[in-house]
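Undergrad: Structure provided below as C-alpha cells; questions to follow.
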Amino acid sequence: MTRPLVAVTATTRRESPSDPPRLRLNAAYLDAVDRAGATPYVVPVADPSHAGAVLAPAAALVVTGGEDVDPALFGESPHPGLGRVARDRDEWELALVKVARDLGIPLLGVCRGIQVLNVALGGTLIQDLPSERPGGLPHQQVEGRSVRTHTVTCLPGSRVAQLVGESATVNSMHHQAIADVAPGLRVTATAPDGVIEAVEWTGSGWWAVGVQWHPEELDGRDAALFRAVVEAGRASPPSSISPRR
Ligand code: MN
C-alpha cells in the first residue's frame, strides 16, 4: 500500500536573541504519523496565501502544539496570564485549517491545534486556566510528557470515544482551552473540572478532530487518533484541482 503524505505544522523561533530563528517541532509527532502508516512532511510558517499550495499533496493535516493563540484573533484583549504568542504562526495555521475544511482534508488538532481549529471556525479560548478557572485540575502537569494525569469522559458514539474509549486518562500540558465552541464543532470529551478536552466537526464531508492532550506522547490506544486521520486521508486522496468530497 502506498504511504500517504501528512502535513505537520511547526513553529519558527529564536531560543535566545543571539540565536538564529530555527524550525522547531517535537519529533514525537513525526514518529506518530510514521507509526500510523503515513509519511509526514513538515510545513513551516509561511504566507497564508500559500496554504492551498502547501496542502496540495496532503492526505491529511496535523496541527501541532506550541504557543498561545493571539487573543485578538478571537476578539479579546490579552489576559495577564497569556503566554508567548506567535502571530505569524497563528495566521498561517488558521489559513491551513480553512483550506483543509474547504477541500475536505482530514485534520487532527493536538493541544494548540484544537485551539487553532476552534478559533479558525469562529470560537474563543480561555487564555489562562489557572487564573480564569481557579480551583480546576492542574492541566499543566509537572510529570513527564508521557504520564497520564487526569481523566476525560468522551461522548458516546463520538469519533474520540470510538478511538480511545468513553473513559480515558490522558496527559495534560496546556494552560489554555476552548471557551465558546465554534459553529460546526461539538464537544466530545471533557475533564472532570469541565475543561473541554476534545471536539469534532459535526457536518459531513470533513473528518476533523481536536484533542487537548498529546496522543503523540502516549502508548496504547491514543495511537488510534493518528491511524484514524491517516485512514480518513486514504479515503479521500489528494487533488489540488478540485474539492474531494
Ligand atoms: Mn487537560
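Undergrad: Whole angstrom only: what separates the Cα centroid of the range 147-175 from the Cα centroid of the range 1-20?
TA: Going from one Cα centre to the other spans 27 Å.
Undergrad: Moving on. At a 1.4 Å probe radius, carbon and sulfur cover how many percent of the accessible area of the chain?
TA: 52 percent
Undergrad: Give the distance, in whole Å, between the Cα centre of the range 64-136 and the Cα centre of the range 178-235.
TA: Comparing the Cα centres of the range 64-136 and the range 178-235, I get a distance of 14 Å.
Undergrad: How big is the range 47-161 along each principal axis, measuring the range of its Cα positions in Å and listing the largest first?
TA: Computed over the range 47-161, the largest-to-smallest principal extents equal 44, 37, 26 Å.
Undergrad: Given +1 on the Cβ of Lys and Arg, -1 on the Cβ of Asp and Glu, and no further charges, what dipole in debye does the range 61-156 carry about its Cα centre, rounded to the nearest 20?
TA: Computed about the Cα centre, the dipole is about 320 debye.
Undergrad: Could you pull out the trypsin sites (Lys or Arg not before Pro) across the range 143-172 that fall in loop regions by DSSP (anything but H, G, I, E, B) with no more than 15 other Cβ atoms inside 10 Å?
TA: Filter output for the range 143-172: 145.
Undergrad: Using a 10 angstrom cutoff on alpha carbons, build the Gaussian network for the chain and name the most mobile of 40, 134, 57.
TA: Highest fluctuation among the options: 134.
Undergrad: Could I ask something else about it? With unit charges on the beta carbon (Lys/Arg positive, Asp/Glu negative), name the residue among 96, 192, 72 whose Cα is farthest towards the positive pole of the charge dipole of the chain.
TA: 96
Undergrad: Turning to a different aspect of this structure: Would you please state which residues of the range 83-116 a label at residue 47 would reach in this model, taking the label point 7 Å out along Cα→Cβ and a backbone N cut-off of under 15 Å?
TA: So the set is 92.
Undergrad: Accessible area per residue of the chain at 1.4 Å probe, in Å²?
TA: 42 Å²
Undergrad: Which residue fluctuates the most in the chain, going by a Gaussian network model with Cα springs under 10 Å, if the choices are 210, 37, 66?
TA: Looking only at 210, 37, 66, the largest GNM fluctuation is found for 37.
Undergrad: Along the positive direction of the dipole of the range 82-215 (beta-carbon charges: Lys, Arg +1; Asp, Glu -1; about the Cα centre), which of 178, 165, 155 reaches farthest?
TA: 165
Undergrad: Just flag the trypsin sites (Lys or Arg not before Pro) in the range 78-137 sitting in loop per DSSP whose Cβ has no more than 13 other Cβ atoms within 10 Å.
TA: The qualifying sites are 84.
Undergrad: How much of the DSSP beta bridge set in the chain is antiparallel, as a percent to the nearest 5?
TA: 55 percent
Undergrad: Round to the nearest 10 and report in Å² the accessible area of residue 30, as given by a 1.4 Å probe over the protein chains' heavy atoms.
TA: Ignoring ligands and nucleic acids, residue 30 comes out at about 50 Å².
Undergrad: A further question on this structure: Could you tell me what percent of the DSSP beta bridges with both partners in the range 1-64 are antiparallel, to the nearest 5?
TA: The answer is about 25 percent antiparallel.
Undergrad: Sum up the charges of everything whose Cβ sits under 15 Å from the Cβ of residue 130, counting Lys and Arg as +1 and Asp and Glu as -1, but leave residue 130 out.
TA: Net charge in that neighbourhood comes out at -3.
Undergrad: Okay, moving on. Would you mind telling me which residue in 146, 172, 49 has the biggest mean-square fluctuation in a Gaussian network model of the chain, where springs connect alpha carbons within a distance under 10 angstrom?
TA: Answer for the Gaussian network model of the chain: 49.
The values are calculated or read from the model by the stated rules, or taken from the named source; none is laboratory data. Quick caveat, the model's predicted, so the values are computed rather than measured. Backbone-built Cβ (ideal geometry, glycine too); neighbour counts: all protein chains shown. Ligands, DNA and RNA are stripped out before the accessible areas are found, and what is left, the full protein with its side chains, is counted by its heavy atoms. Shrake-Rupley method; radii C 1.70, N 1.55, O 1.52, S 1.80 Å.
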